[in-house]
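Taking it in order: structure first as structure tokens, then the write-up.
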Amino acid sequence: MNAFELKQVRKNYPGFSLSVDLALPKGCILGLIGENGAGKSTTIKMLLGMTKPDEGSITVLEHPVDESFAPVREDVGVVLDEPAFPDCLTATQVGSIMADIYQNWDAAEYGALLDKLDLPRDKKFKDFSRGMKMKLSIAVAMAHKAKLLILDEPTSGLDPVVRDEVVELFSEFTRDEEHSVLISSHIVSDLEKLCDYVAFLHKGELLLCKEKDKLLEEYGLVLCTREQLESLPVTAVAGTQDSLFGVTALIRREQAPEDLAVIPVGLEDLFVTMIKEVDK
């Protein structure tokens, strides 16, 4: 069963088109990786019903995202890249308002999250730093018993220690098999620690969506000469970059010759190399 599905979804803007088929299994965390303008935020807005696709269908928690979608929003926790609460409100007042909005609001859980994230209860939102604003959005998203979290750059503006705490919160959330998370982030190291699946978006096109561990097992880096590169099967090479010492090639491990040492590749290097190859 999937937490959400986008089937043959297309969205067109002047000078930009998004084309995506994407699904997230329940109980899993999917990391959405892409450069600015790749289509991450548009994808998230379509999942939330904030933007309608020109083609295709979208379901969230087994409900179509259409006029009948409103009740399902109770089960979706959202953090957008620009947190927005009235400047005059404190965290305590935000909690009081949310208690009237969400039927399943858990005041005790909200208070525990404020404490865990070291958020002041009586300071006005306008006096919060960007990191504090993001942490308040996360607390609200996780305090109404949501089944799906949709997070757009939720660790942006957080220091490394707090990022680790937040990443652990999301990981704990999916220990319940009915809980799922979609998270987009420029901080690929967070996604590498957290995600079960990763999807690469580039200029509106979905390059791949795979289990993270299988993806990192499938590919590796080799440092080689131009002659060694040319001797490799064409299907083995997924991307190359020239270096001072020859060529760094992204290759499929199963097709690597025994005489070439294969270096493990991280998600960031994998993504960067792939998009550079696409843009050649």
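The values are calculated or read from the model by the stated rules, or taken from the named source; none is laboratory data. Computed from a predicted structure; not experimentally measured. A quick note on method: Cβ atoms are made from the backbone with ideal geometry, for glycine too, and the neighbour counts reach across all protein chains shown.
The table that follows gives values for the structure above.
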{"read-out": "Residue list for the stretch 252-279, restricted to those being over 25 Å from the mean Cα position of the chain (by Cα) and under 30 Å from residue 36 (Cβ atoms)", "value": "263"}
{"read-out": "Complete set of residues in the stretch 120-136 that are under 21 Å from residue 102 (Cα atoms) and modelled with pLDDT of 95 or more", "value": "121, 125, 136"}
{"read-out": "Inter-residue pairs, beta-carbon under 8 Å, first over 15 Å from residue 141 (Cβ atoms) and in the same structural domain as residue 186 (by TED's automatic domain parsing) and in the stretch 158-171, second surrounded by 14 or more Cβ atoms within 10 Å (Cβ to Cβ) and at pLDDT below 85, 6+ apart", "value": "163/187"}
{"read-out": "Residue in the stretch 40-50 that is touching a helix residue (DSSP H, G or I) at 6+ places or on another chain (Cβ under 7 Å) and at pLDDT 95 or above present", "value": "no"}
{"read-out": "When residues of the stretch 126-155 are limited to those that are farther than 26 Å from residue 37 by Cα and not hydrophobic (A, V, I, L, M, F, W, C), the one surrounded by the most Cβ atoms within 10 Å (Cβ to Cβ)", "value": "144"}
{"read-out": "Spans of strands (runs of 3 or more DSSP E) in the stretch 1-70 with at least 3 residues over 14 Å from residue 199 (Cβ atoms)", "value": "2-13, 55-60"}
{"read-out": "Top-ranked residue in the stretch 1-21 [being loosely packed, with under 13 Cβ neighbours inside 10 Å and either touching a helix residue (DSSP H, G or I) at 6+ places or on another chain (Cβ under 9 Å) or within 15 Å of residue 60 (Cβ to Cβ) (or both); ranked as modelled with the lowest pLDDT]", "value": "1"}
{"read-out": "The listed residue being among the basic types (Lys, Arg) and on the phi < 0 side of the Ramachandran plot, out of 203, 280", "value": "280"}
{"read-out": "Condition broken by residue 49, with the remaining ones in (1) on the phi > 0 side of the Ramachandran plot; (2) crowded, with 21+ Cβ neighbours inside 10 Å satisfied", "value": "(2)"}
{"read-out": "Criterion: at negative phi, under 15 Å from the mean Cα position of the chain (by Cα), surrounded by 15 or more Cβ atoms within 10 Å (Cβ to Cβ) and of a type in the set (Val, Ile, Thr) - qualifying residue of 58, 44", "value": "44"}
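Conditions (1) farther than 26 Å from residue 10 by Cβ; (2) modelled with pLDDT of 90 or more; (3) not basic (Lys, Arg), marked per residue:
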| site | (1), (2), (3) |
| --- | --- |
| 174 | yes, yes, yes |
| 180 | no, yes, yes |
| 214 | yes, yes, no |
| 219 | yes, yes, yes |
